[in-house]
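In what follows, a structure is listed as structure tokens, so that the remarks can point back to it.
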Amino acid sequence: MESVAVKVLKVPGIGRRPESLQNYAKKLRAEIHIWSRLSHPNVLRLYGIADGFSHLPALVSQWAENGTLTQYLEDPGRDISKGKRISILVRVAEALHYIHSEHVVHGDLTGSNILIDGDGQPLISDFGLSSILREYNETSYFHSGRPGAPRWAAPELFAEPAGFPTIECDVYSYGCVMLLTLSGKVPYSEIRDFHVPYAKITGIRPQRPVNLPIEEALWVMIERCTDATPEFRPALPDIISYLSRQQA
């Protein structure tokens, strides 16, 4: 029998606002429908929903034995080679390119919603959920409900009024995932969460780790992905081709 994961979504105070609850649940089900029709080896399989866990439907999905990418990289008992790290990045880029081909923008790619299965393969998850949460709470990326989330978000999303995530925003977040995967450090690791949005809107880029060197060829790609100008960021097919050559 296959193990599954049940993700219970909780929004503080939502049970006291029936109209908001109904609207939120409707949008959530629409996002779940989009996710459930995606089919790719590196996209977490969403099997359906389950009621009765909270005011909102819970997500029933494929089980990822090795937890999140962040947890996987932090495990001191796991020796992850450079080749394996690049392989993870190629698979994530391929999955991201696939969802874009299906006219879906992830909008919240981080080290916490890339999961790792029992074979060490990455699975991207949580499509569209964060944007619905921010809309419900009437918040922006400045005041995201999840600690650390602004670290991964493209600088243009901090503009007022806040824009909607784009393919280029996903590429920026992917560059941050590259930084994490190759160094074990989250983007802007030298800055507290509270100061990250200001750093982004004033043009401060993610810093290259000093004691955890990243090869120049790979750092160049991280810098291209995290360029402050969306139009200057590379296309995912180019990223995939570039990283695949680094594996050779």
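Of the residues that sit in segment 178-193 and are among the polar types (S, T, N, Q) and outside any loop (DSSP other than H, G, I, E, B), which one is surrounded by the most Cβ atoms within 10 Å (Cβ to Cβ)?
Once the filter is applied, the top-ranked residue is Thr181.
Only one of (1) more than 18 Å from Trp152 (Cβ to Cβ); (2) in contact with a Cys (Cβ under 8 Å, 6 or more places away or on another chain) fails for Leu28. Which number is that?
Single failed check for Leu28: (2).
Consider only pairs whose beta carbons are under 7 Å apart and that are at least six residues apart or on different chains; among these, list those whose first residue lies in segment 82-93 and is in contact (Cβ under 8 Å) with a residue 40 or more places away in the chain and whose second residue is of a type outside the set (Ser, Thr, Tyr) and not in a helix (DSSP H, G or I).
The qualifying pairs are Ile88/Pro122; Arg91/Asn42; Arg91/Gln121; Arg91/Pro122; Val92/Asn42; Val92/Ile114; Val92/Pro122; Val92/Ile124.
Failed condition for Arg85, given (1) out of contact with any Ser or Thr (no Cβ under 8 Å at 6 or more places or on another chain); (2) buried (at least 17 other Cβ atoms within 10 Å of the Cβ), with all others met?
Condition (1) is where Arg85 drops out.
Quick one: which helices (runs of 4 or more DSSP H) lie wholly within segment 194-248 and hold at least 1 residues that are modelled with pLDDT of 95 or more and farther than 22 Å from Glu74 by Cα?
Answer list for segment 194-248: 216-225, 236-247.
I want to confirm something. Restricting to segment 34-73 and keeping residues that are of a type in the set (A, V, I, L, M) and either modelled with pLDDT of 90 or more or touching a Pro at 6+ places or on another chain (Cβ under 9 Å) (or both), which single residue is farthest from Ser3 (Cα to Cα)?
Selected residue: Leu73.
Look through Ile80, Ile99 and report the one residue that is buried (at least 20 other Cβ atoms within 10 Å of the Cβ) and not in a strand (DSSP E or B).
Testing whether each residue is buried (at least 20 other Cβ atoms within 10 Å of the Cβ) and not in a strand (DSSP E or B) leaves just Ile99.
Would you mind finding the one in Gly120, Gly175 that is under 29 Å from Arg208 (Cβ atoms), in contact with a helix residue (DSSP H, G or I) (Cβ under 9 Å, 6 or more places away or on another chain), surrounded by 21 or more Cβ atoms within 10 Å (Cβ to Cβ) and at pLDDT 95 or above?
Gly175
Being crowded, with 21+ Cβ neighbours inside 10 Å, outside any helix (DSSP H, G or I) and among the aliphatic types (A, V, I, L, M): is that true of Leu59 here?
yes
Within segment 227-237, identify whether any single residue is touching a residue at least 60 places away in the same chain (Cβ under 8 Å), within 26 Å of Ser125 (Cα to Cα), crowded, with 21+ Cβ neighbours inside 10 Å and of a type outside the set (Phe, Trp, Tyr), and answer yes or no.
Yes: segment 227-237 contains one or more residues that are touching a residue at least 60 places away in the same chain (Cβ under 8 Å), within 26 Å of Ser125 (Cα to Cα), crowded, with 21+ Cβ neighbours inside 10 Å and of a type outside the set (Phe, Trp, Tyr).
Being at pLDDT 60 or above and either among the aliphatic types (A, V, I, L, M) or touching a Gly at 6+ places or on another chain (Cβ under 8 Å) (or both) is the filter here; which residues of segment 12-33 pass it?
Result: Leu21, Ala25, Leu28, Ala30, Glu31, Ile32.
The values are calculated or read from the model by the stated rules, or taken from the named source; none is laboratory data. Keep in mind that this is a model prediction, so the values were computed, not measured. Methodologically, a virtual Cβ is constructed for each residue, glycine included, from the backbone with ideal geometry; neighbour enumeration extends over all protein chains shown.
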